Every structure is written in structure tokens, then in C-alpha cells.
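Reading through the C-alpha cells given below for one structure.
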Amino acid sequence: MRRQLFLATVGAIALTGSAFAADLAPPPPAYVPPAPYSWTGLYAGLQVGYVWGRDPADTTLITPTIPPVTGIAFIPGVPGLFLNDSVNNNPQGVIGGAHAGYQLQLTQWSWFSSSGIVIGVEGSVDGTSINNTVFDPFSELAVRTQVPVEGSIRLRAGVAWDRLLVYATGGAAFTSIKDTYTDWTGFVTGVPLAYEAITKNRSGWTVGGGLQYAVTDNWSVGVEYRYSDFGHYTDYPFTIFVPFGDYLTVQHHLTQNQVQVGLTYKFGSAAAAPVVAKY
């Protein structure tokens, strides 16, 4: 009897010790969710895309008299010639270059996980193969438009959902435009195949939007669409022939659409986006 009571007592003490030891065991580690991605920081990258545009050529040709040899000899008293025509010119080509900027992520809202407002400024420069040639059957001029280089300085504003950024962008656009004119038959100048090239630097505006996704903490890929307008301007080709009586003007208005993809590197570590507004 005493032996049974002793064994029961030892068993109770052993069970109590085991329960106490279990109470002293460390709790399992708590799950800590990863910090939301932040778009704040300096960045730079490369882009490539395609451009399709419109640059109608409005040609006005005035000769004070109708010459027997066009543009060279005149018959006094014979009425002059006024010719006005417009031909559609749709230059297009590949565009590619580099971009750089800075973004700041302002807020994160608790009503949608890891969302926030992102604002920034970006500059870009591109080389292009944009060109096209059209023929005016009335003036018998061949007009070619080439755009060798473009650039822009733009503001950006959008909404980020963790690593996905949807944004709008707009600002100033700059370009260099080379227009070349060939008088195939000599109708304008009196000299068949007379040729002149005129280059202008133009400024305008651009607006668009895009999507960007952060593949890693530093690298992101994106796609963007923009519309650009470089305004109206007038060329005065073949002014050397003005003494012979001809007066030629060609009005242009270059607008374009572009779609591009880009690869961007954000400098620095990916700090967590600040939580400053909760609703």
C-alpha cells in the first residue's frame, strides 16, 4: 500500500514538472508580413518603341507672271499664278533612348493594401528613325520629313499598389525636324531636281500614361503611351529663286503618337512606404 502511494506521488510530481516545463518553452515566432514596396528614389533607364505621326504639307506657290520657261523668263503684263495644295504626310519609325528622374511616394491607404500616391519628374532623350516622303502632284515637289532626335521634361503622378504603378505624365517636348524639298521637274525653280534641306528645332507639349512593375527592389519594367504636338511652322524653300519671281511656302504641323517599353533601375534600397493616412 505504501509502495503504491509512493509511486502515485512520484508520478504526480513528474506530470507537474512536465507541465511547468511546457509553460517555460518559448512561444513560436510571430509572422511579420513583408514591408510594402516604395517607389521613392532616383532612377534611370532605357526605352525603345515605335512612333506614328502626321505632318501635312500645305504648299503655296505664287509666280507674279506666267513665264514661257517656268521661273526664269517673264512676259510683262501676263497674270501671275497662285497655287495652293495640301498633301498628307505620315512619318513613322523606331524610337529609342534613355530616361532619368525622381519619384516620391506620399501616402499609403489602409483601405487597399499597399496603395499610395506617387509623384515625380522625368526627363528623356531619344534618337529616332522617323521619316516619310510625299509627292505634291500640283507643285511637283517631293517633301520629306525626318526627325533625328527628340526629348521631353515631364511631371508624373499615379497610384501604386505595392509593386504595380499606374501613372499619367505630361510636360514639354522638344525635337529637331529636317524637311527636304526636291523640285523634280523644275516647275517651281526652273531647275529640275533642285534640292534644299531645312532643319528646325521645335518645342511643344506631350501627354500620356503608362504602367510600371517592380520585378525586384531595384529593377522595374514598364510600358508607356504618349501623344506629342510640336505646333505649326513654315518653311521657305528655294529662296535663292525669289529674284526670278517665284514665292514658295510650305506649312507644317507635326503631331505624333508613340508606344514604348522601358527598363528602369531605382538607386538605393527599397525602404518601406510610409503609412500616413488611414480610413
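Criterion applied to V188, V166 was being under 17 Å from V261 (Cα atoms) and in contact with a Leu (Cβ under 7 Å, 6 or more places away or on another chain), and the one residue passing it is V166.
Residues of region 135-149 include at least one that is among the hydroxyl-bearing types (S, T, Y), touching a residue at least 12 places away in the same chain (Cβ under 8 Å) and over 30 Å from A35 (Cβ atoms). Going by the conditions given, is Y181 buried (at least 16 other Cβ atoms within 10 Å of the Cβ), among the aromatic types (F, W, Y) and farther than 23 Å from G208 by Cα? Criteria met by Y181. Scanning region 58-93 for residues that are loosely packed, with under 14 Cβ neighbours inside 10 Å and modelled with pLDDT of 95 or more turns up just one, N90.
Among the conditions (1) modelled with pLDDT of 90 or more; (2) assigned to a loop (DSSP other than H, G, I, E, B), the only one that F112 does not satisfy is (1).
Within region 132-156, restricting attention to residues that are at pLDDT 95 or above and small (G, A, S), the residue that is surrounded by the most Cβ atoms within 10 Å (Cβ to Cβ) is S152. Checked against (1) among the polar types (S, T, N, Q); (2) closer than 16 Å to Q256 by Cβ; (3) surrounded by 21 or more Cβ atoms within 10 Å (Cβ to Cβ), S129 passes all but a single condition, namely (3).
Checked against the criterion of being modelled with pLDDT under 95 and either closer than 30 Å to L106 by Cβ or touching a Gly at 6+ places or on another chain (Cβ under 6 Å) (or both), region 192-209 has at least one qualifying residue. Residues in region 224-277 that are β-branched (V, I, T), at pLDDT 95 or above and either closer than 17 Å to Q212 by Cα or crowded, with 19+ Cβ neighbours inside 10 Å (or both): V259, V261, T264.
Taken residue by residue, region 157-175 has at least one member that is out of contact with any helix residue (DSSP H, G or I) (no Cβ under 8 Å at 6 or more places or on another chain), of a type in the set (V, I, T) and surrounded by 21 or more Cβ atoms within 10 Å (Cβ to Cβ).
The values are calculated or read from the model by the stated rules, or taken from the named source; none is laboratory data. The structure displayed is predicted, hence computed values, not measured ones. Reconstructed Cβ throughout: ideal geometry from the backbone, glycine too, with neighbour counts over all protein chains shown.
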